[in-house]
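The values are calculated or read from the model by the stated rules, or taken from the named source; none is laboratory data. Bear in mind that the values here come from a model prediction, so they are computed numbers and not experimental data. Here Cβ is always computed from backbone atoms with ideal geometry, including for glycine, and neighbour counts include all displayed protein chains.
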Amino acid sequence: MERTLAELKQRLAEIADLAKAGGVLGWDQRVMMPPLGTESRADVLGTLGRIIHEAFVDDEIGRLLDKLDGQIDSLPYDSDEASLVRVTRRDWEKARRVPTELEVEMTREAARGHHAWVEARRTADFAAFLPYLRTNVELKRRYADCFEWSDSPYTALLDDYEPGMTTTEVRAVFDVLRPALTELVAAAPEVDASFLEGSFPTERQRELAEQMIATLGFEDGSWRLDPTAHPFCTSFSNRDVRLTTRYRDDNLESVWSCLHEAGHGLYAHGIASSLLRTPLANAPSLGLNESQSRTWENLVGRSRPFWQHWYEPLQQTFPEAFSGVELDEFLRAINRAEPGLIRVDADETTYSLHIILRFELEQQLVDGTVELEDLPEVWNAKMKEFLDVDVADDGVGVLQDVHWSSGGIGYFPTYALGNVLSLQIWAKVREALPDLDGQLAAGDPLELSAWLRDNLYSLGRKLTPRETLERVTGSADIDPGPYLAYLREKVASLQA
């Protein structure tokens with residue numbers, strides 16, 4: 001078994017190395033590359049995509065897995081070796097269903113679509129983006145046709161981000177969330193947050209963000225922070241984490257954007273080194289990954305204990321804005337429930353409504369029940385229905401998110417699932433760390449970071465999403481109850 005396993009690992013390590021090279025090129029495209037490099041970069045990524053796909057679906061990978069299937073029975077289910085064979089088998093069988101040419105085409109068009117989206121968003125020109133969107137939607141329909149699905153073709157796309165979950169299961173969670181969140185938003189009081197808008201020099205924002213991130217549990221020299229059009233986090237090992245954010249000189253949303261991406265980064269940073277260069281070196285689902293970005297952005301980053309430590313440095317960084325604002329006023333402002341246009345700027349209470357809207361639209365995109373030319377009009381109508389806001393132009397409307405430019409259909413539901421999962425995991429954190437509030441108030445989140453690393457991040461993809469949730473919380477069920485209870489308590493606390 002050892003020789004066969006070593007051969008499999010070597011093949012998988014080389015494939016992982018190539019994927020990381022593609023990841024570096026993708027990071028560079030979104031952060032550093034000049035716009036006119038798009039066509040060349042699309043070709044390079046397409047070539048790499050072809051090499052990676054052909055290497056992974058090779059018959060020899062299947063032969064090695066067949067030899068190992070019977071040999072791992074004696075190993076613990078969650079051992080690195082048994083998990084590697086089990087997860088690689090699932091990934092290999094799924095990848096074998098996708099023609100290489102389709103995989104290459106999706107990769108190339110994702111690269112082309114990103115640049116088109118950046119420019120279309122800047123000019124609020126949906127018509128300029130429409131051809132790229134049309135191509136990506138058609139490619140995703142062809143991709144979905146490669147698989148068997150029980151309830152909806154959308155499930156085939158969702159599975160890329162939330163393995164094993166169906167559209168019907170997501171809808172059941174969202175059917176609980178939507179009416180409850182709508183009721184909470186309607187009951188929320190108006191809160192003065194005018195001091196969060198003003199003049200905030202971006203260099204000072206960057207310095208404060210880097211100070212915060214440096215305390216969260218990253219090893220020195222393992223991360224960097226850069227500006228981009230749409231914030232994201234990627235990593236090329238657990239010691240090479242790339243965080244990005246978007247600065248605006250008229251508000252401070254970058255603070256929470258940075259904490260959000262740092263949550264993703266801490267997950268990558270915490271994956272066990274023994275899993276690197278294998279398919280196990282990732283989170284088991286984007287919902288679980290998102291649970292951690294939301295944990296650090298909201299459960300930590302909007303909490304009183306966190307700001308008991310950080311409010312004075314904030315006041316010192318931006319004295320013009322905050323010298324006369326008490327901590328209680330600040331906390332009410334950053335925790336208010338106030339419908340707005342932009343998902344990434346949304347408060348905790350309205351955020352999942354933005355996601356449910358996109359979940360409904362994505363299903364319509366896949367099954368063809370909405371014409372792509374009509375998408376801005378449909379978007380604007382749903383924004384009015386869900387959040388009672390009017391959309392000024394497509395730049396702050398249907399073009400605001402990067403996901404569809406790269407064919408990332410099926411991704412959006414994981415954000416709201418992450419909100420729900422964050423509170424289920426947080427309950428266990430609270431049990432394990434009774435002095436957590438005191439630690440955060442002292443500016444020391446390292447015990448929190450270590451607990452999450454040891455109990456969640458280090459597992460990588462060794463277990464399925466449900467198995468991982470059960471390992472951490474004791475239950476495999478996704479339960480909206482704790483999330484809604486948390487929000488109800490928050491909205492009630494805002495009453496004057």
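The table below lists the values:
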item: Conditions (1) over 27 Å from residue 409 (Cα atoms); (2) at pLDDT 95 or above; number of the one not met by residue 295; result: (1)
item: Candidate set from segment 1-46 (those that are under 23 Å from residue 238 (Cα atoms) and of a type in the set (S, T, N, Q)); member that is nearest to the chain's Cα centre (by Cα); result: 29
item: Residues that are farther than 22 Å from residue 269 by Cβ, touching a residue at least 60 places away in the same chain (Cβ under 8 Å) and assigned to a helix (DSSP H, G or I), drawn from segment 425-466; result: 437, 438, 441, 466
item: Flag if residue 362 is crowded, with 21+ Cβ neighbours inside 10 Å, charged (D, E, K, R) and outside the structural domain of residue 137 (by TED's automatic domain parsing); result: yes
item: Selection status of residue 85, assigned by TED's automatic domain parsing to the domain that holds residue 476 and aliphatic (A, V, I, L, M); result: no
item: Top-ranked residue of segment 135-155 - restricted to ones that are part of a helix (DSSP H, G or I) and free of Cβ contacts under 8 Å to residues at least 40 places away in the same chain, ranked as surrounded by the fewest Cβ atoms within 10 Å (Cβ to Cβ); result: 138
item: Some residue of segment 90-101 being in a helix (DSSP H, G or I) and more than 28 Å from residue 3 (Cβ to Cβ); result: yes
item: Residues satisfying the stated conditions in segment 114-134, i.e. more than 13 Å from residue 38 (Cα to Cα), touching a residue at least 24 places away in the same chain (Cβ under 8 Å) and assigned to a helix (DSSP H, G or I); result: 120, 121, 122, 123, 126, 129, 130, 132, 133, 134
item: Residues of segment 196-231 that turn out to be among the aliphatic types (A, V, I, L, M) and outside any helix (DSSP H, G or I), as a count; result: 4
item: Every residue from segment 59-78 that is touching a residue at least 12 places away in the same chain (Cβ under 8 Å) and either charged (D, E, K, R) or out of contact with any Phe, Trp or Tyr (no Cβ under 8 Å at 6 or more places or on another chain) (or both); result: 60, 64, 67, 68, 69, 71, 72, 78
item: Residue satisfying condition, being closer than 30 Å to residue 189 by Cα and β-branched (Val, Ile, Thr), within set 409, 425; result: 425
item: Failed item in (1) surrounded by fewer than 20 Cβ atoms within 10 Å (Cβ to Cβ); (2) in contact with a helix residue (DSSP H, G or I) (Cβ under 6 Å, 6 or more places away or on another chain), with residue 32 passing the rest; result: (2)
item: Residue satisfying condition, being outside the structural domain of residue 274 (by TED's automatic domain parsing) and more than 19 Å from residue 406 (Cβ to Cβ), within set 17, 28; result: 17
item: Restricting segment 47-94 to residues that are of a type in the set (Ser, Thr, Tyr) and within 24 Å of residue 471 (Cβ to Cβ), the residue that is farthest from the chain's Cα centre (by Cα); result: 74
item: Leading residue by the ranking (nearest to residue 420 (Cα to Cα)) among those in segment 237-287 that are assigned to a strand (DSSP E or B) and in contact with a Gly (Cβ under 6 Å, 6 or more places away or on another chain); result: 243
item: Residue match in segment 182-204 (condition: buried (at least 17 other Cβ atoms within 10 Å of the Cβ) and among the charged types (D, E, K, R)); result: no
item: Qualifying residue in segment 421-434 (condition: in contact with a helix residue (DSSP H, G or I) (Cβ under 7 Å, 6 or more places away or on another chain), of a type in the set (Gly, Ala, Ser), buried (at least 17 other Cβ atoms within 10 Å of the Cβ) and at positive phi); result: no
item: Subset tally (residues that are touching a Lys or Arg at 6+ places or on another chain (Cβ under 7 Å), closer than 23 Å to residue 79 by Cβ and hydrophobic (A, V, I, L, M, F, W, C)) for segment 460-496; result: 3
item: Which listed residue is in contact with a Ser or Thr (Cβ under 9 Å, 6 or more places away or on another chain) and assigned to a helix (DSSP H, G or I), from 64, 5; result: 64
item: Residue within segment 178-188 that is assigned by TED's automatic domain parsing to the domain that holds residue 405 and part of a loop (DSSP other than H, G, I, E, B) present; result: yes
